[in-house]
Amino acid sequence: KTVFVIDHGPIMARPSDSPIELDVFNKPRGHGPGAFIPVTPVCKSLWTCAAEASFEYCRIVWDIYPTGRLIRFMICDTKVNPVGSWGTNQQNLTSITYHFAQLGVPIPDVRHGDSNIMHGLTAALEALTECSDAQLEKLKSPENKSKVHNRGRVICISSFREDGYIRNLESFFQETVIQINQRNFAPTHMPIHHCDFVVVNIYPNPPTLALKEHLRLDLSPLLSCEVISACASRMLASRLVSLVLQHYELASTTVTGIPMKEEQNASSSANYDVEIFHPVAAHADILKLKVNESALFIMKEGYGYKTVTLKWCTPRATSNSVEMWPCSSAYRISPVDVTSRPSSCLTNFLLGGRSVMLELPRSGTGGRTTSHMLAAHGGEIFLHSLLIGRSVIEDPPSISEGSGGRVTDYRIPDFGELMKENKLVPYLFTEPAGPTTPVERASNRMERWTQYWPMTISSTIVFNMGVHMESLTKLIVNEELTDDQVIECKKVIYNLLAIESRNEPLPPTCSGHRDRGAKGNRREEQYRILFKECEIMLRHHCRSEQHRRVLACLLECRSK
């Protein structure tokens with residue numbers, strides 16, 4: 001929930017001293033320097049600049065989040081005029097602008113009295129204690145009552161004269177939050193769990209007095225504060241746009257290279273750019289790629305944020321192509337300059353049922369990567385994030401050599417068996433768990449199973465012996481061994497000795513194994529490596545007296 005507190009006193013009736021650029025065509029009077037009648041400069045008031053900037057803030061929020069993001073206004077002059085409510089029928093620009101029109105512009109005559117911002121801040125905090133429809137719905141169930149939090153934000157816009165007054169506002173706001181939370185609340189109200197307080201100081205151009213800004217500070221566990229100072233012109237709108245990106249976790253994308261016919265000359269065309277806002281999660285996939293960030297993220301001139309540049313691709317002819325791309329997510333968008341001709345043309349193009357593919361800037365290799373798609377559903381435009389990486393339904397890549405070696409060399413079937421043997425399942429606490437918890441026992445089991453586990457076929461002989469070693473490799477990982485299991489393990493060792501005495505060849509999968517001290521690929525050298533690896537494995541699992549008996553058997557056989 002956000003509440004705007006806007007000053008409606010005489011100080012806001014001052015002109016911003018930033019003339020509006022007008023294209024004026026007058027009848028020529030002769031052919032001299034005075035052929036055109038000059039136009040008197042027109043300037044908006046501080047109030048008009050504040051109202052328009054706050055409207056733009058609301059438009060962006062409600063475009064991207066049609067529900068769930070609530071905004072109200074408190075207009076302060078000699079009294080506080082609340083505008084709107086937390087009801088969903090009031091959360092639209094039509095309702096807000098209607099109420100602003102009823103209030104009119106501030107009266108410049110100081111005899112009408114200064115506005116009282118502090119009364120407006122108190123009214124804003126009172127409004128934050130009112131439960132929204134969603135909060136009331138959740139409070140109906142007793143199990144959800146403790147999970148419902150009441151967080152809000154108050155944005156105060158006025159033209160302040162000195163830093164000391166802003167410090168007083170911060171102190172007053174903090175004390176008021178504490179006092180309000182000490183009340184006994186009705187069922188339709190609840191305390192404020194956290195509040196952001198943003199003070200926006202606006203001044204004419206050029207500034208008469210520069211006040212200090214400071215970034216967001218946590219004044220207490222309940223309150224954070226931020227002070228912004230901006231010229232009442234385009235700069236004010238740009239600062240509030242930067243704020244809306246921070247407050248609602250939004251990001252900017254600029255679609256470049258949009259072909260569009262010239263307005264004055266329909267036979268020629270030019271390329272235009274259109275900037276859009278959307279939730280920051282739409283950039284999650286491209287941030288995982290190894291791309292040149294300096295080419296992808298460009299600082300927006302005159303604004304305090306970066307925009308991602310994506311290139312327009314020639315759209316497909318059929319609207320059915322919207323459903324044919326593997327999309328991981330879709331997010332609503334809001335054009336930044338909603339009244340510009342390029343934005344209007346792009347919006348109408350998409351609402352007509354067409355889709356537009358967007359690609360990342362070309363990398364050094366020159367390859368194209370289509371990362372996003374713009375398409376409309378039900379009269380709303382969405383930015384779709386496409387699956388950039390390999391799809392889960394595709395076959396794994398056929399890499400011959402890579403950072404991990406040959407793909408065919410990995411013990412993939414054995415790894416699957418390892419996963420099956422250590423699968424986690426929910427544990428029902430119907431009886432005492434014992435000295436260790438189930439998750440600790442599972443962790444200990446996984447540690448035992450992976451004490452010695454070569455990852456590739458070429459790095460092991462023991463695990464390539466198949467049935468000859470199967471009993472030993474499966475029993476040795478147990479936490480305890482019975483006498484019968486010890487006998488089974490010893491049988492495996494004696495069987496290896498018998499195979500060696502008969503000079504039988506090892507399985508073909510072991511023939512490619514190399515050891516740093518091996519001379520060629522002689523059979524006796526392979527058996528030496530086999531018994532050495534057996535000893536390494538048994539020493540890793542030497543955790544009980546029974547395990548030590550198995551190791552002792554192997555050492556005794558090796559010494560002979």
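The values are calculated or read from the model by the stated rules, or taken from the named source; none is laboratory data. Source: prediction; values computed, not measured. Positions of Cβ are generated from backbone atoms using ideal geometry, with glycine treated the same way; all protein chains shown enter the neighbour counts. These area figures cover heavy atoms from the full protein model, side chains too; ligands, DNA and RNA do not enter into them. Shrake-Rupley method; radii C 1.70, N 1.55, O 1.52, S 1.80 Å.
Here VAL241 qualifies as modelled with pLDDT under 95, crowded, with 19+ Cβ neighbours inside 10 Å and under 30 Å from PHE349 (Cβ atoms). Apart from one condition, MET299 fits all of (1) at pLDDT 85 or above; (2) open to solvent by less than 50 Å² (accessible area, probe 1.4 Å); the exception is (2). Out of all the residues in region 104-117, is one or more in the same structural domain as PRO206 (by the TED database) and part of a strand (DSSP E or B)? No, every residue in region 104-117 fails to be in the same structural domain as PRO206 (by the TED database) and part of a strand (DSSP E or B).
For region 370-388, the tally of residues that are under 19 Å from THR256 (Cα atoms), β-branched (Val, Ile, Thr) and buried (at least 16 other Cβ atoms within 10 Å of the Cβ) stands at 1. Looking only at residues in region 107-146 that are surrounded by 16 or more Cβ atoms within 10 Å (Cβ to Cβ) and at pLDDT below 85, the one that is nearest to GLU170 (Cα to Cα) is ASN116. Could you tell me whether region 255-273 includes any residue that is modelled with pLDDT of 85 or more and under 30 Å from PHE4 (Cβ atoms)? Checking region 255-273: not a single residue is modelled with pLDDT of 85 or more and under 30 Å from PHE4 (Cβ atoms).
Just one of (1) modelled with pLDDT under 85; (2) exposed (fewer than 15 other Cβ atoms within 10 Å of the Cβ) fails for LYS423. It is (1). Keeping to region 51-94, report how many residues are closer than 29 Å to ALA376 by Cα, among the small types (Gly, Ala, Ser) and open to solvent by 20 Å² or more (accessible area, probe 1.4 Å). Residues that pass the stated criteria total 1. Could you figure out which of (1) closer than 15 Å to LEU538 by Cβ; (2) open to solvent by less than 70 Å² (accessible area, probe 1.4 Å) isn't true of THR437? Every condition holds for THR437 apart from (1). Take ARG239 and decide whether it is of a type in the set (Lys, Arg) and either under 24 Å from ASN150 (Cα atoms) or out of contact with any strand residue (DSSP E or B) (no Cβ under 7 Å at 6 or more places or on another chain) (or both). Judged against the criteria, ARG239 is not a match.
Listed here are the residues, each with its yes/no results for (1) more than 28 Å from the chain's Cα centre (by Cα); (2) surrounded by fewer than 16 Cβ atoms within 10 Å (Cβ to Cβ).
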{"position": "HIS149", "(1), (2)": "no, yes"}
{"position": "ILE155", "(1), (2)": "no, no"}
{"position": "PHE160", "(1), (2)": "yes, no"}
{"position": "ARG167", "(1), (2)": "yes, yes"}
{"position": "SER171", "(1), (2)": "yes, yes"}
{"position": "ILE180", "(1), (2)": "yes, no"}
{"position": "CYS195", "(1), (2)": "no, no"}
{"position": "ILE202", "(1), (2)": "yes, no"}
